[in-house]
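Here the structure comes first, spelled out in structure tokens, and everything after it is commentary.
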Amino acid sequence: MEIDAAREVRTTCPYCGVGCGVLAKVAADGQVSVRGDPDHPANFGRLCSKGSALAETIDLDGRLLHPEIHGRRAGWDEALDLVASTFSQTIAEHGPDAVAFYVSGQLLTEDYYVANKLMKGFVGSANIDTNSRLCMASSVAGHRRAFGSDTVPGTYDDLELADLIVLVGSNLAWCHPVLYQRIAAAREKRPEMKIVLVDPRRTMTADIADMHLAIAPDGDVALFTGLLAYLGQHNALDRAYITAHTTGFGQALFAASVLDLAGVAAATGLSEDELGRFYGLFAATPKTVTVYSQGVNQSSSGTDKVNAIINCHLATGRIGRPGEGPFSVTGQPNAMGGREVGGMANMLAAHMEIENPEHRERVQRFWNAPAIAGKPGLKAVEMFQALAEGRIKALWIMATNPVDSMPDADAVEAAIKACPFVVVSDVLAETDTVRHAHVRLPAAAWGEKDGTVTNSERRISRQRAFLPMPGEARPDWLIVAEVGMRMGFGGAFSYETPGEVFAEHAALSGFENDGARDFDIGAYGEIDGEGYEALEPFQWPAPSRADPFWPAGHLPLEGGDTQLRGLRTSSSAGDWRKPSGELISPLEGEMAGRPEGVGTTELQPIRFFADGGYFTPDRKARFIAIRPTTEIRTSPDYPLILNTGRIRDHWHTMTRTGKSPRLSQHIAEPFVEIHPVDAQRFGIGDADIARVSSPRGDVLVRALVTARQRQGSLFAPMHWTDQFAAKGRLDTLTAPLTDPISGQPALKHVAVRIEKF
Ligand code: SF4
């Protein structure tokens, strides 16, 4: 590609699920600079430390630049032929379920779409799962149980419009920093806004909270079933909403009422006074958003936690209105896009259900596919167990590093080593996973490839290339399509551009969709190459099929870009602009009193669920009856509970952020937080090197003695690998224990012991 040194390219940050808009520019001397996109409605120009350092992480050091077979350089044709023939032969000999793809929330939607289509529609297996399983599968399962679809009912604007924000298991200040900044800015303008943090640790997020509930690990189900019971006892229910728009309330309330307040206090480790104050505040504040993240999802009761939260919002009718609703914040940049194309083993494309024969038939017909997966495939943990047992004989890993990030990581590494045929497509030549690949395929990186991502508020944004692809690197969608064609599936994979893939994805979402399915970007109209290039960030659903806001079938370019964007609506209060064209948030618009020219949105805002209309057969939401349970996993040998998570300046296994000296300055080495009482009990001093052990392995980390940590619990970040710290691979400790419904691993509740090294 030709680089235009004068032009800033509008793209999207590749790290977290906030999905911030980025303006990237390559100077004449080749230096790349980035800044926040003031016109992106997720961040309004803000970036966090990771986003700001993007230019420091895109050098070619360590890049995989050519295909390799068994460690020798190979041509693309040879490598792709080998992948296609080995997968075809394995399927012929052992059946379609003997092969699998393990993909990633780092992939763009177009990559995800093609991989999902190949596996589910042409191989005929659903053995495609993603590292997003580790991130938000419990939210997906909870949404589907309650709403009949995987629909996130909130938007970021709601966070600014709420009077009460309850953050559950979410260190937003470090893990979704720009959302935290938006809340902090809103709070400054509206000091009456209240914030409650529910987290075993006193994280940086607690600095903004009016109340920090240092809950016992996995006490969330008890906390929110207790809240439902409290709402029932204190006349704080919206009975009209419950009657009109939900079913199952009586059973849910009955199940929630098994514990009295003292029982909830015992199960949560909170005092009755703390519970009473939180419950009273929730009951008294109609405009409440409950934000939850991995502390809820990464649990053996993750789906029940999600539904316990949703139950409280349904019971109060606080859903689908500005400033109200349960809101799952996604970890990865494109976990949502992966959900939309069905990139998980238990979902079909375009939010259709793999268990639904009508949906299977429809997708198969749309794809003109020879086969369609007839049942859910193996979820991530099951997939690597099947690999260990020899049931999967050919595995393709795309854009992820499971040897370091999967629970029970040593067992996962052994399973990958034992697999007869492993393909890895990645940007790096040497990760702990890439080194076990029989075939290594060089993938294009952020800044080099084009596509779309969907952030946590259902906003689809473009990622755009501003750098040439180095060496022989190719985009993932093209690599997968080339293999599909070589497997004999010809025209179904003959895409020439990512825009063609996106157009097919959009068309499938609208195919025979009469509104009974939630995901429908086809309603915006057909999109051509020009429209794809110019695509502005937008949220689904479309306002209505009859009134699409791409009136010409694609985004028209003439007439003034600003004016056109001013006509758009988000799914909450709409995109508001000052007469100068500057994009502002709805809160800023309200604060400004909507002067003339501000709030140019003509289309009425569309909201999910405010007046019912869920995606169940009777269009009613489901209460889920949940009994509070407490599972104790500690033992005399492993008396502490380890909670794993992220730090502010690193991302996943540091393959990208580890390149930036600036990001590594924040926290330079792996650590474990321990409460002073536990430190004394186990003979650990501040800054000692400590050995943390579970039945599966051990790590050596620096001890940080702090009262921020709950007594009986430890916290350690999950980023470091042996490349960055000797014996620092935290997921050698974690267990392959999963939520029974979502299959999401319980990465925040691992029984361990600690000793001075
Ligand atoms: Fe990137 Fe997330 Fe930071 Fe935004 S908040 S700049 S998406 S890492």
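Worth a mention:
- Rounded is the label for region 136-329, because a/c, from the alpha-carbon gyration tensor with a ≥ b ≥ c as root eigenvalues, stays below 1.5.
- Using the average count of surrounding beta-carbon atoms within 10 Å as a protection proxy, the listed peptides 22-32, 341-351 rank, highest first, as 341-351, 22-32.
- Volume in Å³ per residue [convex hull over Cα atoms, computed for the chain]: 147 Å³
- When you count the other C-beta atoms within 10 angstrom of each residue and take the mean per peptide, 214-224, 293-303 line up highest first as 293-303, 214-224.
- Value of [θ]222 nm, deg cm²/dmol, for the chain, DSSP H segments ≥ 4, -39500 (n - 2.57) each, nearest 500: -8500 deg cm²/dmol
- Span-rule helices in the chain, defined as complete DSSP H runs reaching 24 Å or more along the axis (Cα) with Kyte mean at least -0.5: 76-94
- Long-range Cα-Cα pairs in region 328-417 (distance over 21 Å), rounded percent: 44 percent
- Pairs exceeding a 24 Å alpha-carbon distance, out of Lys25/Lys659; Lys379/Lys449; Lys379/Lys727: Lys379/Lys449; Lys379/Lys727.
- For region 30-125, alpha-carbon Rg relative to the globular expectation (2.2 N^0.38 Å, N residues): 1.56
- Under 5 Å from the amide H of Ala751 lie the amide H atoms of Leu642, each residue being 5 or more positions distant or on a separate chain, with H modelled from the backbone and absent for Pro and chain starts.
- Prolate/oblate/rounded call for region 640-756, Cα gyration tensor, a/c under 1.5 rounded: oblate
- 3J(HN,Hα) from dihedral phi, region 464-470, Karplus parametrisation 6.51/-1.76/1.60, rounded to Hz, x for glycine, proline: 10, 6, 9, 10, x, 6, x
- Packing rank of 420-431, 162-173, where each peptide gets the mean count of other beta carbons within 10 Å, highest leading: 162-173, 420-431
Readers should treat all values here as calculations from the given coordinates under stated rules, not as data from a laboratory. The structure displayed is predicted, hence computed values, not measured ones. Neighbour counts run over all protein chains shown; Cβ positions are idealised from the backbone, glycine included.
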